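For reference, the structure discussed in these notes is given below.
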C-alpha cells in the first residue's frame, strides 16, 4: 500500500479507471456479440443492421475513450460490415 499522498490518490484513480474501462469493454463485447448473433440468425435484416450500427457506435466511443486501439475498432467494424453485406446480398 502506498504511503505518499500522491501515490494514494494515484492508486484510487487507477482503480476507478480500471473499473470504468472494464465496464465499457464488457458492454462493447456484448454489443458485438448481439450484432453477430443477429447476423447469424439471418431472419431480420433490419434488426441485424440496427445491431451492427449500435456495435459500431460503441466501438467508436471506445476509441475516443482510449479503451481500444483505433485500428482494432476499424478491423471489428469492417468485419461486422462484411458479414452484414453478405447477409443483405443473400436476402
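Please indicate, with yes or no, whether at least one residue in region 1-16 is surrounded by 13 or more Cβ atoms within 10 Å (Cβ to Cβ) and modelled with pLDDT of 95 or more. Checked against the condition, which is being surrounded by 13 or more Cβ atoms within 10 Å (Cβ to Cβ) and modelled with pLDDT of 95 or more, region 1-16 yields no hits at all.
Inside region 37-59, residues that are touching a helix residue (DSSP H, G or I) at 6+ places or on another chain (Cβ under 7 Å) and either assigned to a helix (DSSP H, G or I) or at pLDDT 95 or above (or both) make up a count of 13. Residues that are under 15 Å from the mean Cα position of the chain (by Cα) and under 30 Å from residue 90 (Cβ atoms) do not occur anywhere in region 13-22.
The values are calculated or read from the model by the stated rules, or taken from the named source; none is laboratory data. Since the structure is predicted, the reported quantities are computational estimates derived from the model, not experimental observations. Because the Cβ atoms are built from the backbone with ideal geometry, glycine has one as well, and the counts that use them run over all protein chains shown.
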